[in-house]
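K.L.:
This is the structure, below, for whatever I ask next.
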Amino acid sequence: MSTQKQIDTQIVICGRGGQGVLFLTRLLDESAIMIGSKVISSETHGMAMRGGSVASSVRIGNYESPLIPSGEADILIAVNEHEVPFNMHLMKKDALVFVNSSIRRHNAIHAEKIARLLGSPMVTNLVLLGFASAHAGFPFQYAHINKVLQKISPSKALELNLRALTEGYNLATA
Amino acid sequence: MLQKIKKEAILMGNEAIALGIIENGCNMASSYPGTPASEILSSIAHYRDAYGLKMHVEWSVNEKAAFEVALANSYSGCRSAVSMKQVGLNVALDSLMSSAYTGVVGGFLLVSADDPGPHSSQTEQDSRFIAMLAKIPVLDPCSPREAHDFIATAYELSEKYEIPVLLRPTTRVCHARQNVASGKLLKNKRKAMFSKDPARWAATPKFRLTLHKDLNKKLSLIASEKKLQPFFYKSGTSNQNNCIIASGVAYSYVLDFLTEHHLLDKVALCKVPMPYPLPDSFLKSITTKFHKILVIEETYPVIELQIHDRRNVTGRLSGHVPNAGEITPDIIYPVVNKFLNIHGKPLKQAKAGGQRPSLCAGCPHRATYFSIKKALPKAIYAGDIGCYTLGINLGAVDTCLCMGASINQAAGFFHSFKSTGSEAKPIVASIGDSTFIHSGITALINAVYNGARFILVILDNSTTAMTGNQPTAATGVRADGTSSSGLQLDKLLEGCGVTYIKTIDSYDVQGITSTLKDADTYTRSQNGGIAVIISKHPCLIGSKHKKTITVTVGENCTGCRYCITNFECPALVHENKKVFINPVLCSGCGVCVHVCPVHAIKVQ
Ligand code: SF4
Ligand code: SF4
């Protein structure tokens, strides 16, 4: 068991079909389970997976239902910056917004470019998550996510996945 | 990664359902893929191997087949599970209606996943109404965990009363993920045994009346089953003035809301695990206990309608809850606030819009639709259900009704125009291989038999792509990975009486275009008939595909965006008044070369 404390956090992950939103959802779900938290999340499947807008919600804590009501989410992870406006209504006033973007702004990182340099744009999601994990307000620390990633990654992708997570984290702390 | 579920795991609703089925001694599971139900059968196949169980698991060619195959197993005293999406149950409805009368011996679990919204379906119909129509009990789980736990109950109920039992999860249960505790593994030790009883299994109309009377008796007993009664979340709250009755995931939303706003002492919350059959005593007395009642359920007012005296009852039927669409927290909270006379703060509105889905870069369907549009721009395009419904973005899909309808509707258009002496337009039906096998074959036989004339394009990508690339009868692979003799489409077509059959690679734009024109001539010629073109190329997802060519956009690109508007390949990007190709997304299919009017796109 990790030393992380019990948390109560609601996270929205958004992007387009095929950008690894589902994988991040699973990773955060498992991260919550590993610290003994209750979690319920919701995913988009079906037609939208063909490049359309997709969003997941992850509710860590004492929740019975999978969707986050408007104005209650603590964190937004936007693998695609164009999806941010469609999810802002869900966010709290002081929510943390981590976004993959070429434009320099608060809590933004050009995760896609970094992922490409690492060898595949498919790991954009993990670069962004690594980046977010360096923030004091993020519920899971880098080391914890790293451990979970080792557990759930398919072995073929593990090495690249870990590098992407680490690179995102390092860039945030550099 | 084959893994048993040790004690607890985070599972998607569909995985939780699969686990429940595995744990409860089921030896036969069948399904036809459809969102949001598809992962149930693939997860069963997965757990079967992880647990080393002997089980028959199949992707059937349609829901009716899936239902009847599983039913025979239950006739033989063994436990079966058949899963499908809600509109799939329409396809299996005939079998369901009759099976309610005959009943079963071994437990028969039917899972029909509803899709309020709808997110991925042509209707947001409520399977609980179908249960009522068929006169079988229905369980309405509020979470993945409850869906899992309901399976044991469903099998017990099914065997105690010898009746099929419906489990009705919705999208937000199927695709939610939650910690689920595994149950005891009940290994199947039964042997199939069929006891002949023609008065039951082959009942004639005379005996059917008896069976119907028996069914009614079963239902009234089931309605008063202790375990499945409506109950109050907090005992002692039944002395409140107001009551909220809820079922399914809507119950979970209401519970979260009342908990968070400390309202559980202010209103009675009544949960309905089994919305049908409900005991008469409950339906009569509930309205005498409270001043006001609010019913929250998805998607149709099934519980609300059953309450006898609805003068003080509000819900979807009364219009206090919107009578269409998914119930989300943002929909429910203002309704509950109003019901309890609470001034809640207004909710932030979601911004409308977002990216519409599109066929993948290099998708063979895009190439085919582009050719169809190019060769026969004035045709009526009868479409069907699958990834390729997205051909609508290319303007090559005019209708989309339900599985297999493209062929019947093409025939209908032909006869409609012909019988009224209207100017004959070309008619092009398009249908995927899996959908064709599902319900296009009988449609084609009908069209040939009744002398219709049109072009049928079978989009053969050798898979059921939309729902996660399940194999089809033509793929030559089964649900468990074993191989079967693949169905040969051309032979089948010949057998249906089609004589014009051409198979062409989907990427061959010129070939398909000229064949379409030739086919059009054939449909109009004296001895013509239905022309079938099999446009064949494997789906890019799941197939081992190598990029062999590189495509670039030359300096002469005028930035007219013709390629983006009319072809919509996600790899074509407009930036700084020119189009360029995103090399990461581009699959190298080379089809866009035929699209640009000034030939700016070239193979390098
Ligand atoms: S590539 Fe051709 S069709 Fe596309 S914008 Fe340029 S000129 Fe127009
Ligand atoms: S070759 Fe053209 S049509 Fe094919 S994937 Fe690349 S950009 Fe799209």
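K.L.:
Kirkwood hydrodynamic radius (Cα pairs, Å) of the stretch A:72-160?
P.N.:
In the stretch A:72-160 this quantity evaluates to 13.8 Å.
K.L.:
Moving to a separate point now. Beyond 22 Å, what share of the Cα-Cα pairs of chain A is found? Please give it as a whole percent.
P.N.:
Of all Cα-Cα distances in chain A, 37 percent exceed 22 Å.
K.L.:
Hey, any idea what Rg/Rh is for the stretch B:176-220, computing Rh the Kirkwood way over Cα pairs?
P.N.:
Rounded to two decimals, Rg over Rh is 1.27.
K.L.:
Using the structure shown, list the pairs from B:K160/B:K184; B:K227/B:K338; B:K491/B:K517 with a Cα-Cα distance above 30 Å, or answer none.
P.N.:
B:K227/B:K338
K.L.:
Another question, if that's okay. Only bridges with both residues in chain B count here: give the DSSP antiparallel percent, nearest 5.
P.N.:
25 percent
K.L.:
Starting from the Cα of B:T123, step 7 Å toward the Cβ, then list every residue of the stretch B:298-331 with an amide N under 14 Å from that point.
P.N.:
B:299-301
K.L.:
Within 10 Å of each Cβ of A:9-22, how many other protein chain Cβ atoms are there on average?
P.N.:
Taking all residues of A:9-22 together, the mean is 1.
K.L.:
Still on this structure, please answer the following. Under 5 Å between amide hydrogens, which residues at least 5 positions from B:Q355 or on another chain qualify, with H placed 1.01 Å from N in the peptide plane?
P.N.:
A:S53
K.L.:
Calculate the radius of gyration of the Cα atoms of the protein assembly as shown to one decimal place, then report Dmax, the largest Cα-Cα distance, as a whole number, both in Å.
P.N.:
Taking only Cα atoms of the protein assembly as shown, I get Rg and Dmax of 27.4, 83 Å.
K.L.:
For chain B, what log10 I(q)/I(0) values come out of the Debye formula at q = 0.08, 0.09, 0.12 1/Å, with one point per alpha carbon and no solvent?
P.N.:
-0.66, -0.82, -1.23
K.L.:
Sticking with this one: Taking 41 Å as R0, compute the FRET efficiency from the Cβ-Cβ separation of B:I342 and B:H308 and round it to 0.05.
P.N.:
0.90
K.L.:
Further question: I'd like the FRET efficiency for B:A199 and B:D265, computed as 1/(1 + (r/R0)^6) with the beta carbon distance as r and R0 of 60 Å, rounded to 0.05.
P.N.:
Efficiency at R0 = 60 Å is approximately 0.60.
K.L.:
Next question. Mind listing the phi-derived Karplus ³J(HN,Hα) values for the stretch B:293-299, rounded to whole Hz, using 6.51, -1.76 and 1.60 with θ = phi - 60°, and x for any glycine or proline?
P.N.:
Whole-Hz 3J(HN,Hα) from phi for the stretch B:293-299: 10, 10, 10, 10, 7, 10, 9.
K.L.:
Once amide H atoms are placed 1.01 Å from N in the peptide plane, what residues at a sequence separation of 5 or more from B:V111, or on another chain, have their amide H within under 5 Å of its amide H?
P.N.:
Counting only residues 5 or more places away or on other chains, the set is B:V82, B:S83, B:M84, B:L167.
K.L.:
Additional query: Could you work out the per residue convex hull volume over the alpha carbons of the stretch B:229-339, in cubic angstrom?
P.N.:
89 Å³
K.L.:
Ok, one more. Students often forget the sequence filter, so: which lysines lie under 29 Å Cα-Cα from A:K156 once same-chain residues fewer than 8 apart are removed?
P.N.:
A:K156 reaches A:K113, A:K147, B:K4, B:K6, B:K7, B:K544, B:K546, B:K547.
K.L.:
B:N582 to B:D505: FRET efficiency via 1/(1 + (r/R0)^6), r the Cβ-Cβ distance, R0 25 Å, to the nearest 0.05?
P.N.:
0.55
K.L.:
Could you give the length gained on full extension between A:K92 and A:A157, defined as 0.36 nm per residue of separation minus the Cα-Cα distance, in nm?
P.N.:
Full extension of this stretch gives 19.9 nm more.
K.L.:
Let me ask another. Which ³J(HN,Hα) values, rounded to whole Hz and listed in residue order, are derived for the stretch A:80-94 from phi using the Karplus coefficients 6.51, -1.76 and 1.60 in 6.51 cos²θ - 1.76 cosθ + 1.60 with θ = phi - 60°, glycine and proline given as x?
P.N.:
Going residue by residue, I get 10, 5, 5, 8, 4, x, 6, 10, 5, 4, 7, 7, 5, 4, 9 Hz, with x marking Gly and Pro.
No value in this document is a laboratory result; all are computed from the given coordinates. The model shown is predicted, which means the values in this text are computed figures rather than measured ones. In this analysis, Cβ positions are derived from the backbone assuming ideal geometry, glycine residues included, and neighbour counts consider all displayed protein chains.
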